[in-house]
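Working notes, structure below.
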């Protein structure tokens, strides 16, 4: 937000500009054990969408790139940090079940840094007012579609089924 505040006077003076925020699929749907990460991405999505309305009359575009599973060291770093935290035994069954669910998903093809960079470039240069750019495999795209089209109760039941089968 501070970076955007600093660049906006320049964009207003030029009567144009493009702001690109990097979000995640976790900004549109969430899974167990990533609540804080998802909360930050949901916030970024809401901020970006509202900002897009506010700046569109000034010919300043706001765009969101949503990678869905990329090849990074994020999982290793997060896992190591979690391992250092005190365990709360009440959550052990959930942790084990969600771990099995995530392990089942580990074979999915992830987006490469190059693919993400290509989509960022597209967002920066396409001169459209398109807000969201999705980068990811078909499973990721189907999860976003499910979240958009399913009733909350049905969607939440489907996600719960994904990990409760391991409880």
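Structural remarks
- Inter-probe distance in nm under a simple model that places probes 7 Å from Cα toward Cβ, at residue 114 and residue 1: 3.8
- Values of log10 I(q)/I(0), in the order q = 0.35 Å⁻¹, for region 100-140 under a Debye, Cα-only, solvent-free model: -1.17
- Between the helical axis of 152-164 and the longest alpha-carbon principal axis of the chain there is an angle of about 50 degrees.
- Angle of helix 113-125 to the longest C-alpha principal axis of the chain, folded into 0 to 90 degrees and rounded to 10: 30°.
- Gain in span if fully extended, residue 166 to residue 57, counting 0.36 nm per residue against the direct Cα distance: 34.2 nm
- Length released on extending from residue 20 to residue 124, taking residue separation times 0.36 nm less the Cα-Cα span: 36.7 nm
- Protection proxy ranking of 23-29, 113-119, 89-95 - average other beta-carbon atoms within 10 Å, highest first: 23-29, 113-119, 89-95
- Estimated FRET transfer efficiency (residue 94, residue 49; beta-carbon r; R0 35 Å; 0.05): 0.65
Read the figures in this text as sums done on the coordinates, not as results from a lab. Since we're looking at a predicted model, the values are computed, not measured. Positions of Cβ are generated from backbone atoms using ideal geometry, with glycine treated the same way; all protein chains shown enter the neighbour counts.
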